[in-house]
Amino acid sequence: MADLLLIDDDLGLTDLLADYLRNQGHTVRVENDGLVGIRQFFTGKPDLVILDVTMPQRDGWEVLMRIRELSVTPVIMLTARDEEANILQGFSLGVDDYVTKPFSFAQLAARVQAVLHRASLVTDEDEIGFQQGDLVVDPATKSVWRGDERIHLTPTEFKLLAALMQRAGQVLSPEELVNAVWGPEYADEVGYVRRYVWHLRQKIEKDPKHPRYIHNERGYGYCFQIMDSE
């Protein structure tokens, strides 16, 4: 199973949740302070982080930004804040999933497994790689290049881009993309696709308002197709 780092200042919750996840076979380390959590992340190198937003010393947003400066380790945000703006902020900073309180431990454990599975698929991709125009995907190193510029993507963003590029020229529905990238257990979360496509465009497109690579087909879905301006 996986080595998990749980960063949350709710002592009652973390004790119970850590015990539950350990019973699922995971190794779990717990920190109740954002600053100490950052230190533990870089010394312990966990497979996945479960991260609360509101904490002393460093809040979850700052912890997430520090993690994303040097790592694409999967992160699940765990918070009572379910407003759209907060969800979008989490996705913009590179969060892999978002679970709002109250939640069942079984629900969170299922999300942990799903996120770890997505990350493992990125690791195990065919190492040959592929290219569309000046955009190159190298699964062996989990890297993306646009010309000479390397673009840093989270595992989920990488998998979404790969799913679109591997079927370039085809229109993929949100449901097809959810199944390919997140898995069938996320069938009711098609809103993830819209959010992630938006953030993916911010990284790979020179002008996200006039995309060259990823295009909307209104009412149908998304298509990867290189379109040069006249």
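Values in this text are rule-based calculations from the coordinates and carry no lab data. Since we're looking at a predicted model, the values are computed, not measured. Cβ sites come from the backbone with ideal geometry, for glycine too, and all protein chains shown count toward neighbours.
Values for this structure:
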quantity: Sum of -39500 (n - 2.57) over DSSP H runs of 4+, divided by residues of the chain (222 nm, nearest 500); calculated: -12500 deg cm²/dmol
quantity: Ranked Phe224, Phe158, Phe42, Phe105, criterion: other C-beta atoms within 10 Å, fewest first; calculated: Phe42, Phe105, Phe224, Phe158
quantity: Whole-Å distance, taken between Cα centres, linking segment 151-230 and segment 105-121; calculated: 21 Å
quantity: Dmax and Rg, reported as Rg then Dmax, of the chain (C-alpha, Å); calculated: 17.9, 60
quantity: Global form of segment 1-62, assessed from the alpha-carbon gyration tensor, a/c cut-off 1.5; calculated: oblate
quantity: Reciprocal of mean inverse Cα separation for segment 3-123 (Kirkwood radius, Å); calculated: 14.1 Å
quantity: Extension gain (nm, one decimal) between Ser104 and Thr54, 0.36 nm per residue minus Cα-Cα; calculated: 16.0 nm
quantity: Assigned charges on the beta-carbon of Lys, Arg, Asp, Glu; the chain dipole about Cα centre (debye); calculated: 280 debye
quantity: Spin-label model distance (nm) - Asp3 vs Asn23, 7 Å beyond Cα toward Cβ; calculated: 2.5 nm
quantity: Entries of Lys45/Lys206; Lys101/Lys209; Lys45/Lys209; Lys101/Lys142; Lys45/Lys101 with Cα pairs more than 30 Å apart; calculated: Lys45/Lys206; Lys101/Lys209; Lys45/Lys209; Lys101/Lys142
quantity: DSSP beta bridge pairing in the chain, given as percent antiparallel to the nearest 5; calculated: 50 percent
